[in-house]
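Here is the structure we will look at, set down as structure tokens.
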Amino acid sequence: MFNKFWQLLSHDIGIDLGTVNTLVLVKGKGIVIREPSVVTIHKKTRQVLAIGSEARRMLGRTPQTIEAVRPLRDGVISDFETTEAMLRFFIQKVHKTPEGGGLKFPKIPRPRIVVGIPSGVTEVERRAVQDACFSAGARQAFLIEEPMAAAIGSKLAVDSPEGVMIVDIGGGTTEIAVISLGGMVASRSLRVAGDELDQDIINYMRTRYGMLIGERTAETAKMEIGSAFPGESKETVIRGRDLGSGLPKSVKVSSDEIREALSSTVSQIIGAIQEVLEETPPELLGDITDRGIALAGGGALLKGLDKRIAQETKLPVWVADDPLTAVVRGCGRVLDDLDLLSRVKVTGGLR
């Protein structure tokens, strides 16, 4: 009863703590924050200088005394203090007064938080995420696995006895799961995802053209002309540094070249999907044949990926509505349904 009273006063929050982007949803208000998971700090003092979009603009452009870091790698915390600072910044941003003055924390109870985490994380990594939430100001912190959150956010019937399959391709991990009766029957957490696709393009430009490019340039090329399935041929100009002379260099590349660069990582993801299908009970496999495979996460937006997976698996494949927000929307839905939260949470509660 006491906890229900505080729920009426606090801003309960769902968080997709991603390797590339962090999304924050406030119960009753929807998604209020979409910021890059980037923090800039002073190397000597470790003082946080910028967080989110402002920090991302500094990637690859900082002087020697300042470092722009991504505190999450492969979907898990690699820098606890920086992650804690980033979470605190986002939570405080949600609780700002309309006038922009101090925080509401002195007057309003601290929030209850649901965070999506990769299904393959260790107990130590889970504890790190939960501790970061408490340190950043949470009253309660619950963790649910990202494929479950993505399936709920994609409006799949996770409570049904019929099987559903979700593939959530984020920045650091690819989460694959077959879900039935509120639990994961077969799953894979592959630490190969959007970051590796960007790195594939960086490596291709280095070996094919003797040219060094940055992560943001590679990501832009992937989004503009990247694909996983043959289609309309496009071209773009990529700018970087010539490895031989050290001078600026520009190269026009085609979508066919970028698809070639991405093929190895795409094949790894499809291979993991096939492994999960091989482990799926025949009854559930029949359900998936009827319902298809749902794609979520930023990687689902890679052109032709659904067609490539459908070709390789012989199953229908469809992309969820607004795949980038599927996980955080799933976190938001379980905030509204405490019974569902109790069934799907990995761990959580009061500190």
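The values are calculated or read from the model by the stated rules, or taken from the named source; none is laboratory data. Not measured: the values here are computed from a predicted model. Every residue, glycine as well, gets a Cβ built from its backbone with ideal geometry; the counts of neighbours run over all protein chains shown.
Looking only at residues in region 129-165 that are among the aliphatic types (A, V, I, L, M) and under 11 Å from Val327 (Cα atoms), which one is modelled with the lowest pLDDT?
Ile144
Could you run through region 297-351 and say how many residues are part of a helix (DSSP H, G or I), free of Cβ contacts under 8 Å to residues at least 24 places away in the same chain and over 20 Å from the mean Cα position of the chain (by Cα)?
Residues in region 297-351 being part of a helix (DSSP H, G or I), free of Cβ contacts under 8 Å to residues at least 24 places away in the same chain and over 20 Å from the mean Cα position of the chain (by Cα): 4 in total.
When residues of region 58-80 are filtered for being at negative phi, part of a loop (DSSP other than H, G, I, E, B) and either surrounded by 15 or more Cβ atoms within 10 Å (Cβ to Cβ) or not assigned by TED's automatic domain parsing to the domain that holds Ile117 (or both), how many remain?
Total satisfying the criteria: 7.
Name the pairs: first residue in region 17-35 and assigned by TED's automatic domain parsing to the domain that holds Val114 and closer than 26 Å to Ser78 by Cβ, second residue part of a strand (DSSP E or B) and among the basic types (Lys, Arg), Cβ to Cβ under 9 Å, at least 6 apart or on different chains?
Correct list of pairs: Thr19/Arg73; Asn21/Arg34; Thr22/Arg34; Leu23/Arg34; Val24/Arg34.
Looking only at region 299-307, decide whether some residue is out of contact with any Ser or Thr (no Cβ under 8 Å at 6 or more places or on another chain) and over 22 Å from Phe229 (Cα atoms).
no
Please report, ordered by residue number, the strands (runs of 3 or more DSSP E) entirely within region 146-223 with at least 1 residues that are of a type in the set (Val, Ile, Thr) and without any contact (Cβ under 8 Å) to a residue 40 or more places away in the chain.
Those strands (runs of 3 or more DSSP E) span 174-180.
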